[in-house]
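Written below as structure tokens is the structure these notes are about.
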Amino acid sequence: MNNQSIKQMQITETEADAASVADIADKCPSCGRANPERKKRCAYCCTLTSPRERITVRAMNLSTIILFAAAIVYFAIAVNLKPQYTPISALGESMNFQHVRVLAKVRYLSEFKDKYEKRVTIQLDLEDSKDGGGDDYEGRIKLKAEGEVARELKEKGLLPARGDIIDVSATLFAGKGYRTLSLGTAELLKVVDKSSEFAAVEADVKALLAAPDNFKNKKIKIKEAVIKSKRGNLIIEINDPADAAVTILVFGVDPSKYKEGQKVSVSGMFVFYERGGYWEIKVNEDEPESVVVLN
Amino acid sequence: METSIVIYSIVASLVGVVIAMAASIIPGLHIYNVIALTMLFAFTAADLFTNLHPIVLTGFMLGMVVGFSMLFTVSSQYFQPNDESFRSIMLPHERFLLEGRAHEAVMLGALGSLIAIFIITLFFPLIPSFFSLARAIIQPHGYWLVGMVMFFILMTEWPKDHGVGKTGWQKFWDGWVQLLMGYFTFIVAGILGMFVFYRTIVPVENAFQSLMPLFVGLFAVPSQIMTFITRVKVPKQHICSSVESAPHDVMRGSASGFLAGMFAALVPGMTPGPALLCTGHLTVTSGERQFLIGGGVGRVLYYVGALMLFFMPGVFMRRGGAAINISLFFVPETPEQFFLISGIIALTGAVSFLLIGWFSKLCANLVEKIDYNWFSAVGCALLIVLTIQITHWQGFVLLCVATALGLVPNMWHSRRLNLLAVLMVPVALNMSGAGPAVARFFGFY
């Protein structure tokens, strides 16, 4: 290294020292006390007074922009994320205890209570919404909502009807020979498509019996009929308000709740009872508005 | 997920931050106490919440936890000075306050908190499988990990005064009294913890809050009492626009805080205090700045990071008081909920950070105008009323016992960390399977 370059280096170091002294503040930036001798460390709190070793609050505040941006991205994902559905046929023992999301069609819906009549359980029989599940076991599964969850489903009107397509997130319990889904929160069951195949067709008693094949195995709604008689524990006989001789049986009703002569509206499946050889309306009292008293 | 639910959750979380800030002005008032009160209100006024999606209430609680974890040290920083007799065990917070640079201490802790929020929101969502794996690995080893930490706490207790007595026996006593009181505190706190775990006297409907009177009594009330009797003059505080922190301070403090926060978040019975003690040694942390930054990182990772694991798909780990309370009314199940929660943490973290500077200036003004002893008196009274409200007179009895024990470290200058035996001893014993036998030995089971 020649003399000229050594001299140049010395000049550069002196400039740097001068620059660093210029950086030192008159007041300690940490405790605010005066630093008239412009020392590198505060005489009171020993803080380094050069700004090189310091992070400004402004810089920290600006860095929160990244967090705000991240928050917006996460919220956008939460709103737009396409749900990942698991086919019912894929729910197996290896997925035991996992939370799964299923898109399914409701086949049946039932409600029962424990032996002390306190804890309500709602059970939905589901089938794969894509291929209908058919009669094979793999395409069907039961979903249980118990206790508080069942109560919430009913009270908040979140219960689906037969044929509805539902989106449900639940815990799978699967072992040898059994598979059940358990619903943890009522809000995790949503009806995404109201059933069209189970939509009720409006008709009166006379029209039903005049052309029964037109209504066979369809959900029908009789807007007005009169209870003619009560039979056994599950059947009532209703007649057309205009013609008392035209009657039809309604199956699945607790007759003790009704009186003869009452006007009612009835919703249910119109089916042919082959053993008895007659047409009847099969209702499920758990479904809302299955039998409604009008007077 | 419906946009309305997201909007309601965001609003609820921001309200939670505001409430956390209001609660943070009282030093010693823990957010878990506020959450317990919220739960009590939510259960008694259930009709008000029937039409609200549970995730909205979850967002509210999350806002409170994030806000509190970042803001609660601010009031302690300003309103809890200690006198000269504590100089030997004085934490950096108190030294900064007496040197007029409490705001800098607050901002260093806030820097750590901000780093933790970055880690939680930008890094955690990328590694859910790590947490499943870590849980599977740690679960069978939890008892001896906690046991080793307890051993380390006892080993690192040291005499802080050096034989000032005149005679040989007096010098001997002065040398040993702090060690003995430290061990005494640890053992009695452990037995008290076993009693509450196995035979709590708190009424059964509030039994899930059994630990509340213990923590209030062991930590909060003695601090308030000591502050109330303190007569230190707090100097005028300087509001700085920058903090002294070299890159290696940030790196080392963050490393220590990250390890401590993760350790506390993943191991049952662990809290950031003892975890920081261990990881500080592990990462050779030195100096006040690294301590403050590490404390900020560890605290937020423990409170918020552990809570985030509760919502993480495939992990669903329930750790900490907030997760336990939320699990009473909400079960996280879908990835959309996880992304919503991540967004809420990022948003409330950023908002809380921006509030810290303002909140610190407010506290600096208050400490000049209002005697800090009054904050302690109000805080103490509020904590006692809250404890009685939530855990009834039985909880108050526990609180009195715990307060008597909590005063021991203050009187003899042993470490307060020993009091955490109240949680660590029963948890470690129960995880090892020896809990019932030990409880039977003491007649608790």
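The values are calculated or read from the model by the stated rules, or taken from the named source; none is laboratory data. Everything numeric in this text was worked out from a predicted model, so none of it was measured. Methodologically, a virtual Cβ is constructed for each residue, glycine included, from the backbone with ideal geometry; neighbour enumeration extends over all protein chains shown. SASA here: full protein model, heavy atoms, side chains in, ligands and nucleic acids out. Shrake-Rupley method; radii C 1.70, N 1.55, O 1.52, S 1.80 Å.
Could we say that B:L114 is more than 22 Å from B:W393 (Cα to Cα) and buried (at least 21 other Cβ atoms within 10 Å of the Cβ) here? Against the criterion (more than 22 Å from B:W393 (Cα to Cα) and buried (at least 21 other Cβ atoms within 10 Å of the Cβ)), B:L114 qualifies. Do we have any residue at all in the range B:230-248 that's assigned to a helix (DSSP H, G or I) and buried (at least 20 other Cβ atoms within 10 Å of the Cβ)? There is no residue in the range B:230-248 that is assigned to a helix (DSSP H, G or I) and buried (at least 20 other Cβ atoms within 10 Å of the Cβ). Among all positions in the range A:153-176, there is no residue which is open to solvent by 50 Å² or more (accessible area, probe 1.4 Å) and within 21 Å of A:N295 (Cβ to Cβ). Working only within the range A:62-81, note down all residues that are facing chain B (nearest Cβ under 7 Å), surrounded by fewer than 22 Cβ atoms within 10 Å (Cβ to Cβ) and over 15 Å from B:L122 (Cβ atoms). Across the range A:62-81, the qualifying residues are A:V79, A:L81.
Please verify whether the range B:246-253 includes one or more residues that are under 19 Å from the mean Cα position of the chain (by Cα) and farther than 30 Å from B:C400 by Cβ. Yes: the range B:246-253 contains one or more residues that are under 19 Å from the mean Cα position of the chain (by Cα) and farther than 30 Å from B:C400 by Cβ. The set of residues in the range A:1-51 being outside any helix (DSSP H, G or I), of a type in the set (S, T, N, Q) and at pLDDT below 75 consists of A:N2, A:T49, A:S50.
Going through (1) open to solvent by 40 Å² or more (accessible area, probe 1.4 Å); (2) within 17 Å of B:A110 (Cα to Cα); (3) modelled with pLDDT under 90 one by one, B:R252 falls short only on (3). Comparison of A:D131, A:D114 shows that the only residue that is open to solvent by 70 Å² or more (accessible area, probe 1.4 Å) and either under 20 Å from the mean Cα position of the chain (by Cα) or at pLDDT below 85 (or both) is A:D131.
Does B:A260 qualify as being modelled with pLDDT of 90 or more, closer than 28 Å to B:V17 by Cα and either more than 14 Å from chain A (Cβ to nearest Cβ) or surrounded by fewer than 24 Cβ atoms within 10 Å (Cβ to Cβ) (or both)? Yes, satisfied.
Per-residue answers, yes or no, for (1) at pLDDT 90 or above; (2) outside the structural domain of A:K176 (by TED's automatic domain parsing); (3) in a loop (DSSP other than H, G, I, E, B):
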| site | (1), (2), (3) |
| --- | --- |
| A:A70 | yes, yes, no |
| A:S110 | no, no, no |
| A:K142 | yes, no, no |
| A:A145 | yes, no, no |
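Cβ separations smaller than 9 Å between residues 6+ apart or across chains give the following pairs from the range B:312-324 residues that are farther than 20 Å from B:S129 by Cβ and open to solvent by 20 Å² or more (accessible area, probe 1.4 Å) to residues that are at pLDDT 80 or above and charged (D, E, K, R): B:I324/B:R318. On inspection, B:S254 fails the criterion of being within 14 Å of chain A (Cβ to nearest Cβ) and in contact with a strand residue (DSSP E or B) (Cβ under 8 Å, 6 or more places away or on another chain).
Restricting B:L276, B:L292 to those that are within 14 Å of chain A (Cβ to nearest Cβ) and either outside any loop (DSSP other than H, G, I, E, B) or open to solvent by less than 60 Å² (accessible area, probe 1.4 Å) (or both) reduces the list to B:L292. Scanning the range B:196-206 finds one or more residues that are more than 19 Å from B:G406 (Cα to Cα), modelled with pLDDT of 80 or more and of a type in the set (F, W, Y). If you go through the range A:236-274 and keep only what is under 18 Å from A:N295 (Cβ atoms) and touching a helix residue (DSSP H, G or I) at 6+ places or on another chain (Cβ under 6 Å), you end up with A:I236, A:D240. Screening A:A150 against (1) open to solvent by 60 Å² or more (accessible area, probe 1.4 Å); (2) out of contact with any Lys or Arg (no Cβ under 7 Å at 6 or more places or on another chain); (3) within 20 Å of B:E333 (Cβ to Cβ) leaves a single unmet condition, (1). In this structure, A:G261 qualifies as modelled with pLDDT of 85 or more, assigned to a loop (DSSP other than H, G, I, E, B) and loosely packed, with under 15 Cβ neighbours inside 10 Å. Only one of the listed residues (B:V284, B:V300) is aliphatic (A, V, I, L, M) and touching a residue at least 60 places away in the same chain (Cβ under 8 Å). That residue is B:V300. For the range A:266-274, the criterion of a residue being open to solvent by 20 Å² or more (accessible area, probe 1.4 Å) and over 17 Å from A:K219 (Cβ atoms) is satisfied by at least one position.
For the range B:345-372, what are the residues that are open to solvent by 10 Å² or more (accessible area, probe 1.4 Å) and either more than 14 Å from every other protein chain (Cβ to nearest Cβ) or over 30 Å from A:A71 (Cβ atoms) (or both)? The answer is B:L362, B:N365, B:L366, B:V367, B:E368, B:K369, B:I370, B:D371, B:Y372. Just one of the listed residues (A:V226, A:V246) is in contact (Cβ under 8 Å) with a residue 12 or more places away in the chain, under 41 Å from the mean Cα position of the chain (by Cα) and open to solvent by less than 40 Å² (accessible area, probe 1.4 Å), and it is A:V226. Meeting the requirement of 2 or more residues that are among the small types (G, A, S), the helices (runs of 4 or more DSSP H) wholly within the range B:305-422 are B:321-326, B:335-369, B:372-412.
Restricting the range A:28-61 to residues that are hydroxyl-bearing (S, T, Y) and open to solvent by 60 Å² or more (accessible area, probe 1.4 Å), the residue that is farthest from the other protein chains (Cβ to nearest Cβ) is A:Y44. Would you be able to say whether some residue in the range B:108-122 is closer than 30 Å to B:G433 by Cβ and either touching a His at 6+ places or on another chain (Cβ under 9 Å) or away from chain A (no Cβ under 14 Å) (or both)? The answer is no; no qualifying residue exists.
Would the range A:195-206 turn up any residue that is modelled with pLDDT under 85 and either within 14 Å of another protein chain (Cβ to nearest Cβ) or in a helix (DSSP H, G or I) (or both)? No: the range A:195-206 contains no residue that is modelled with pLDDT under 85 and either within 14 Å of another protein chain (Cβ to nearest Cβ) or in a helix (DSSP H, G or I) (or both). Candidates in the range B:373-395 are the residues that are farther than 24 Å from B:L211 by Cβ and touching a Phe, Trp or Tyr at 6+ places or on another chain (Cβ under 8 Å); of these, the one that is surrounded by the most Cβ atoms within 10 Å (Cβ to Cβ) is B:F375. If you check A:A170 against the conditions, is it touching a strand residue (DSSP E or B) at 6+ places or on another chain (Cβ under 8 Å), within 14 Å of chain B (Cβ to nearest Cβ) and not polar (S, T, N, Q)? Taking the combined requirement at face value, the residue satisfies it.
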